[in-house]
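The values are calculated or read from the model by the stated rules, or taken from the named source; none is laboratory data. These numbers come from a predicted model, not from an experiment. Here the Cβ is made from the backbone with ideal geometry for all residues, glycine too, and neighbour counts use every protein chain on show. For accessibility, only protein heavy atoms count, side chains too; no ligands or nucleic acids. Shrake-Rupley method; radii C 1.70, N 1.55, O 1.52, S 1.80 Å.
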Amino acid sequence: MKQVIVGLGEALWDCLPEGKKLGGAPANFAYHAGQFGHDSLAVSAVGNDNLGEETLAEFNKKDVHYIMPKVDYPTGSVQVELDDEGVPTYDIKEGVAWDNIPFTPEIEEMAKTCRCVCFGSLAQRSSVSRQTIQKFLDSTPMDCLKIFDINLRQNFYTKEIICNSLKHANILKINDEELVTIGRLFGYPGLDMENKCWLLLGKYNLDMLVLTCGVNGSYVFAPNLQSFQETPKVDVADTVGAGDSFTGAFASAILAGMPIPEAHKLAVEVSAYVCTQNGAMPKLPQELLDRIK
């Protein structure tokens, strides 16, 4: 049975050294979940400009469904610099379309039929999009999988936004650097990595916590379960969108009823493949897609 999966938040163009590519964590997530056969869509906003038209055309080309109202702000873009290992740093423009996502009747209806939604902290930097995200989460069914992929960028987050998001989520996805930041922000910097994860899992009554540690592997924590997977060694083109592909594959596998360790293994392999490709939205090999029935 196909189930509606939503990536909610920023839709933007990553301006990379080799040219611009469509990105934004929620859009990347929706694209990869869609590859696994789910009805997935990206929910954001675009501007009344050429870049907005390009955004919708690119989504159509990649067969990504979307709800993207046009607003009177420029379409989002990000200047991306890559280091020698292909790891990106971002300069994210403010006052753009995805800062102003309206809560339209169409978006509200989508929330009511949503089986899984992935959202982050970045699109909550402005009050308009923050309110839309909160209303969306409040409108989802009781059994909706709500993934808070924290995605801390620059200084676009507050303790209040993070706490509120954790209260709305049942899965947290975070990386090792973000975990250090959260430890400082929440006042428990002395705890080791695993104890921080167990503490967050229990304090916010989460079903799962996914911790990615780059080349040092990744973990999934759930009540009475801990899964670890090593990171495969691959020739990295760039790491843009790799984490979003991990989340899309993991969510797809969990929705299909796959046990956590198996879902985790698939997510790691999908993410590793995406690292070998340029940009955030490569087509995945059929052998990976066939792992979810």
Residue match in segment 241-248 (condition: among the polar types (S, T, N, Q), open to solvent by less than 50 Å² (accessible area, probe 1.4 Å) and in a helix (DSSP H, G or I)): yes
Sole residue being open to solvent by less than 60 Å² (accessible area, probe 1.4 Å), among the β-branched types (Val, Ile, Thr) and more than 19 Å from the chain's Cα centre (by Cα), chosen from Val78, Val71: Val71
Filter result for Glu230 (charged (D, E, K, R) and surrounded by 14 or more Cβ atoms within 10 Å (Cβ to Cβ)): no
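Considering segment 256-282 alone, what residues qualify as being of a type in the set (S, T, N, Q) and open to solvent by less than 30 Å² (accessible area, probe 1.4 Å)?
Ser271, the sole residue that qualifies.
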Among (1) more than 18 Å from the chain's Cα centre (by Cα); (2) within 25 Å of Ile150 (Cβ to Cβ); (3) not aromatic (Phe, Trp, Tyr), the one test that Asp49 misses: (2)
Subset tally (residues that are among the hydroxyl-bearing types (Ser, Thr, Tyr) and either farther than 24 Å from Tyr157 by Cα or in contact with a Lys or Arg (Cβ under 8 Å, 6 or more places away or on another chain) (or both)) for segment 47-94: 4
Any chance Phe136 is touching an Asp or Glu at 6+ places or on another chain (Cβ under 9 Å), farther than 12 Å from Val117 by Cα and open to solvent by less than 60 Å² (accessible area, probe 1.4 Å): no
Residues (free of Cβ contacts under 8 Å to residues at least 24 places away in the same chain and surrounded by fewer than 17 Cβ atoms within 10 Å (Cβ to Cβ)) located in segment 185-202: Gly187, Tyr188, Pro189, Gly190, Leu191, Asp192, Met193, Asn195, Trp198, Leu199, Gly202
Residues of segment 24-57 satisfying the condition of being of a type outside the set (Gly, Ala, Ser), outside any strand (DSSP E or B) and open to solvent by 40 Å² or more (accessible area, probe 1.4 Å): Asn48, Asp49, Asn50, Leu51, Glu53, Glu54
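Does Cys116 fit the bill of being crowded, with 24+ Cβ neighbours inside 10 Å, within 24 Å of Thr104 (Cα to Cα), touching a strand residue (DSSP E or B) at 6+ places or on another chain (Cβ under 7 Å) and at pLDDT 95 or above? Talk me through it step by step, then tell me what you get.
Working: crowded, with 24+ Cβ neighbours inside 10 Å: yes; within 24 Å of Thr104 (Cα to Cα): yes; touching a strand residue (DSSP E or B) at 6+ places or on another chain (Cβ under 7 Å): yes; at pLDDT 95 or above: yes.
It is true that Cys116 is crowded, with 24+ Cβ neighbours inside 10 Å, within 24 Å of Thr104 (Cα to Cα), touching a strand residue (DSSP E or B) at 6+ places or on another chain (Cβ under 7 Å) and at pLDDT 95 or above.
Here's the yes/no breakdown for (1) under 30 Å from Thr113 (Cβ atoms); (2) buried (at least 17 other Cβ atoms within 10 Å of the Cβ):
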{"residue": "Asn170", "(1), (2)": "yes, no"}
{"residue": "Asn205", "(1), (2)": "yes, no"}
{"residue": "Met208", "(1), (2)": "yes, yes"}
{"residue": "Val215", "(1), (2)": "no, no"}
{"residue": "Tyr219", "(1), (2)": "no, yes"}
Residues (free of Cβ contacts under 8 Å to residues at least 40 places away in the same chain and assigned to a strand (DSSP E or B)) located in segment 2-23: Gly19
All positions within segment 226-271 that are more than 13 Å from the chain's Cα centre (by Cα), modelled with pLDDT of 95 or more and among the β-branched types (Val, Ile, Thr): Ile254, Ile260, Val268, Val270
